[in-house]
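What follows is a single structure, written as structure tokens, with notes after it.
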Amino acid sequence: MKILATYNIKGGVGKTATAVNLGYLAARDGYRVLLWDLDPQAAATFLFRIRPRVKGGGKALIQGTRSLDGAIKGTDFDNLDLLPADFTYRNLDLLLDAARNPARKLSRLLAPLRTAYDVIFLDCPPSISLLSESVLHAADMLLVPLIPTTLSVRTLDQLTEFIAGFDGRRPEVLAFFSMVDQRKTLHKEIAAELPRQRPDVAATAIPALSLIEQMSVRRAPVTAFAPRSSAARSYARLWAETRARGGLRPAAADRPGRG
Amino acid sequence: MRTALREFVLDGGGLPESDADLVALGPRLRWRGGGRARTIRRTWLDTFDWRLYRAGLTLELATGRGTAGLTLTGRDGAVVAAQPAGPAGSRPRWPAALGALPVGPLRERLRPVVGVRSLLPVARAASAVHELRVLNPDDKTVARVTVDRMSVSYPARAVLPPRLTVTALRGYQPQADKLARILAAAHGVSGGSTGALEAALAAAGRQPGDYTGKISVWLSPQAPAGAAVATVLQQLLGTLEANVGGVVRDIDPEFLHDLRIAVRRTRSALKLAGDVLPSGLAARFRPEFKWLGDLTTPTRDLDVYLMGLDGMAAGLVAASPAELQPFREYLSRRRAAERRQLARGLRSARFSRLTGDWRAALAGAAARKGRPAADQLAARRIRKAHRRVLADGTAITASSAPEHMHELRKRCKELRYLLEIFGSLYDPGEHWQAVRELKSLQDCLGEFQDTEVQQQEIRAFAAQMMDERTAPAATLLAMGEIAAGLAARQRQARSDFAGRFRDFASPASQHRLRAMTEAAAP
């Protein structure tokens, strides 16, 4: 099982859109996928038409009085399940603070799901907090959406330095440009140049497209309702890069011949 | 993910002919979808010996318009793994080895269950599938309802009553439960007791798991021994014949393995209990079954070599596995040639005559009456074979020649086959324990003998490859290292022998066998 977390300290950069679309693509490839919507704003939960409610709230999950397994909901798509958000997730930091070894807590909570799923996506709220630290420790790979500006590159450096300070296991970082505005020269330049200079920046960039915004109206991944669109193709390329970097075996649908 | 919650079979009178009919079964629910039925071609796959079925798994390939998907489900209908079957043109042609399946989690799930066996179609059908979804007020799907009208085309043609399935989405069990209750109350809907594969096979007059390479004849202890032995031999003939097609088509190495075991058991039965069959029968057929056994040996030896080569290559220290490639190719060429010989033998008039005459002879023998009773014969012969193993094993010392170990191995096989042939006469627990203790000794002797033979063979192969000028120096060196590895394994087996034999010959073990075979005449 691989744990992939979409993470950025900033909000509105495309974390949820990435988790939802890559989750859908992984499931379509035959992987058993779980997406945990850790953001109390519940955007991923809303997109899958699932009610943002977990019995006992975040407290029950963190304190272990309710198993993650029992809170999981099936989405309308085969192989893709969701652990919904709950408004009480806004207090996850406090709950983690009270727990023993909070940085490893998420990792421990996810351990029983190891045999049930091939890939788990963690959709994180924008912050630097005890929760994000616990996510960073649990994840095998961080998917970091970046708006192509100089400042966001600085944020990536800060994140990489922070992870470099971890003892033992560290997640691999795969940043990628998101919401790239083709009309802005700076966006185009940074998005083209940086992947050549830095191995931790993916070659694929996700353009700013109104079809991606349509997801909140259609309440489905763009890769599901417009699979041949430019937006969906961009996510497919990003998923292929993620899969290769994450050491996930190539999926059946893309394989040219017999294995 | 989906969990099949309830499956119903509809009787002819109450079929929903349209979406409206189905919706009318639950008018207060929010239904969505429908439209025209999709036609799906369904192929259920398993190994020849039903390894998936026995492991509680069902593998189905569903092919629709432009799409094909493989789905692995558990006994409860829950999906264990699913993935696309790959683009048209590159999909496996059945029978196919596991390696021909698309790379992915489903293949990995199958690997430990399927092993070296190939997957082959066990049933084929065409389904007209009509699916509707039931939604909650957020337009979220909470359950799926499918009506499946299935026509079976293999192993025989049959049309099944429509099947209606309610599938719950995870976390929405209560809603799907409610739907199932509503549908169950509707006229013409009854709870289905079997899965689609079982239903398809039943309609074709078969049942899953109807082949096993094991002896599964139930013998009556008081039956005449001659009739009992003939009944077991009839089943062994069935096993032998069931595997001929797979050997000739070279589907996977286990067909030949099962065929050889059936031949060896037959030969042992003729040797050790042939005297209770009609006079002259054993003497007449023993040479023919020896011919058949010998016919299969070269291909099987090469199969064993090829299957073990990856493991041996992984243990190389000085050489690299890639240097063995010419050796692998040489083995494959040799095997292809030997297999052609084998296939010719199995298609020959001599083989047809053997099986035909043997069947006729056994039919007469199975109806014979007379003494001794089956349990008495079994007990005497098992005790005698056991005494021989004890005597031969006790005589083996650290300086005994390999031939003595080989002779002991043959005696152990005889005892093992007797225990298997007459297994149904004994308490399953005691019988299992006796076989287990013997098997541990046999494994050790097998390792000793196999590594002995393989060392001799690899020298012969190397000489042959040099004659053919197909052996680069690096390959010969790698083969030398393999030979050294085999010698080390043989030494290990030799040093394990004393302990294994001590366990087998322990007073407790001897007492168990004597108690089990108490029916023996004093």
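No lab work stands behind these numbers, since they all come straight from the coordinates. Not measured: the values here are computed from a predicted model. Backbone-built Cβ (ideal geometry, glycine too); neighbour counts: all protein chains shown.
What are the residues whose amide H is under 5 Å from the amide H of A:ALA205, where those residues sit 5 or more places off or on another chain and H is modelled from the backbone? Answer set, sorted by chain and number: none. With the Cα gyration tensor of segment B:305-372 giving a ≥ b ≥ c as the square roots of its eigenvalues, does the rule (a/c under 1.5 for rounded; else a/b larger than b/c for prolate; else oblate) give rounded, prolate or oblate? Verdict is oblate for segment B:305-372. Residues of chain B were split at every exposed loop site, defined as GluC sites (Glu not before Pro) in a DSSP loop with at most 15 other C-beta atoms within 10 angstrom, and the longest piece left, sites excluded, is B:18-467.
Full extension of the chain segment joining B:ALA223 with B:ASP138 gains 23.6 nm, where the gain is 0.36 nm per residue of separation less the Cα-Cα distance. For trypsin sites (Lys or Arg not before Pro), the sites in segment B:92-141 that DSSP calls loop and that have at most 11 other Cβ atoms within 10 Å are B:ARG93.
Put the Cα centre of segment B:460-503 next to the Cα centre of segment A:2-21 and the gap is 56 Å.
When the helix-only estimate is applied to chain B (DSSP H runs of n ≥ 4, each -39,500 (n - 2.57), divided by the residue count), what is the mean residue ellipticity at 222 nm, nearest 500 deg cm²/dmol? Taken over chain B, the calculation gives -18500 deg cm²/dmol.
A Förster radius of 22 Å, combined with the Cβ-Cβ distance separating B:ARG512 from B:LYS439, puts the computed FRET efficiency at roughly 0.95. Please report how far the C-alpha centroid of segment A:196-232 lies from that of segment A:28-86, rounded to the nearest whole angstrom. Taking the Cα centre of segment A:28-86 as reference, the centre of segment A:196-232 is 22 Å away.
Here the Karplus relation 6.51 cos²θ - 1.76 cosθ + 1.60, evaluated at θ = phi - 60°, turns the backbone of segment A:82-96 into coupling constants of 10, 9, x, 6, 9, 4, 5, 4, 4, 9, 4, 4, 5, 5, 5 Hz, with x for every Gly and Pro. Taking label positions 7 Å along the Cα-Cβ direction at both B:ALA78 and B:GLU131, the computed distance is 2.0 nm, reported to one decimal. Build a GNM of chain A with springs between Cα atoms under 10 Å apart, and of A:VAL119, A:VAL153, A:VAL144 the one that fluctuates most is A:VAL153. Positive-end ranking of A:ILE128, A:SER216, A:THR88 along the dipole of segment A:2-250, with charges on Cβ about the Cα centre, is headed by A:SER216. Whole-Hz Karplus values for segment B:467-484 come out as 4, 7, 6, 10, 10, x, 4, 4, 5, 4, 5, 5, 5, x, 5, 5, 4, 5 Hz, taken residue by residue from phi with 6.51 cos²θ - 1.76 cosθ + 1.60 and θ = phi - 60°; glycine and proline positions read x.
For segment A:121-218, the set of trypsin sites (Lys or Arg not before Pro) satisfying both a DSSP loop assignment and a count of at most 15 other C-beta atoms within 10 Å is given as A:ARG169, A:ARG183, A:LYS184. Under a 5 Å amide H cut-off, with hydrogens placed 1.01 Å from N, B:ALA123 pairs with B:TRP44 among residues at least 5 apart or on other chains.
The mean count of C-beta atoms from other chains within 10 Å of the C-beta of residues in B:64-76, rounded to a whole number, is 1.
Calculated mean residue ellipticity at 222 nm for chain A: -11500 deg cm²/dmol, from DSSP H runs with n ≥ 4 weighted as -39500 (n - 2.57), summed, divided by the residue count and rounded to 500. With each label modelled as a point 7 angstrom along the Cα→C-beta vector, the B:SER90-B:LYS271 pair spans 5.1 nm. Rounded to the nearest whole Hz, the Karplus-based 3J(HN,Hα) values (6.51 cos²θ - 1.76 cosθ + 1.60, θ = phi - 60°) of segment A:115-128 follow the sequence 7, 7, 10, 8, 9, 10, 9, 10, 9, 8, x, x, 4, 10, with x at glycine and proline. Farthest towards the positive end of the charge dipole of the protein assembly as shown, among the residues A:VAL13, B:VAL248, B:ALA228, is the Cα of B:ALA228, using unit charges on the Cβ of Lys, Arg, Asp and Glu.
Grab the beta carbon distance between B:LYS369 and B:VAL453, set R0 = 60 Å, and tell me the FRET efficiency rounded to 0.05.
Given R0 = 60 Å and the Cβ-Cβ separation, E is 0.85.
Using C-alpha pairs below 8 Å separated by at least 6 residues, the relative contact order for segment B:139-290 is 15 percent. Taking amide H as placed 1.01 Å from N in the peptide plane, the amide H of A:LEU35 sits under 5 Å from that of A:ASP81, A:LEU82, A:LEU83, A:PHE121, each at least 5 places away or on another chain. Peptide B:167-174 shows a mean partner chain C-beta count of 4 within 10 Å per residue C-beta. Across segment B:40-116, the relative contact order, built from alpha-carbon pairs under 8 Å that are at least six residues apart, equals 22 percent.
Compared with the direct C-alpha span, the chain from B:GLU288 to B:GLU430 gains 47.6 nm at full extension, assuming 0.36 nm per residue.
In plain terms, the chain from B:LEU477 to B:ARG328 could stretch by 52.2 nm, reckoned as 0.36 nm per residue minus the Cα-Cα distance.
For the set A:LYS10/A:LYS55; B:LYS369/B:LYS413; A:LYS10/B:LYS140; A:LYS2/A:LYS73; A:LYS59/B:LYS140; A:LYS2/A:LYS188, the pairs lying more than 22 angstrom apart at their alpha carbons are A:LYS10/A:LYS55; B:LYS369/B:LYS413; A:LYS10/B:LYS140; A:LYS59/B:LYS140; A:LYS2/A:LYS188.
Taking label positions 7 Å along the Cα-Cβ direction at both A:GLN63 and B:THR212, the computed distance is 5.2 nm, reported to one decimal.
Go through segment A:1-92 and name the trypsin sites (Lys or Arg not before Pro) that are in a DSSP coil and have 12 or fewer other Cβ atoms within 10 Å of their Cβ.
For trypsin sites (Lys or Arg not before Pro) across segment A:1-92 that sit outside H, G, I, E and B with at most 12 neighbouring Cβ atoms in 10 Å, the list reads A:LYS55.
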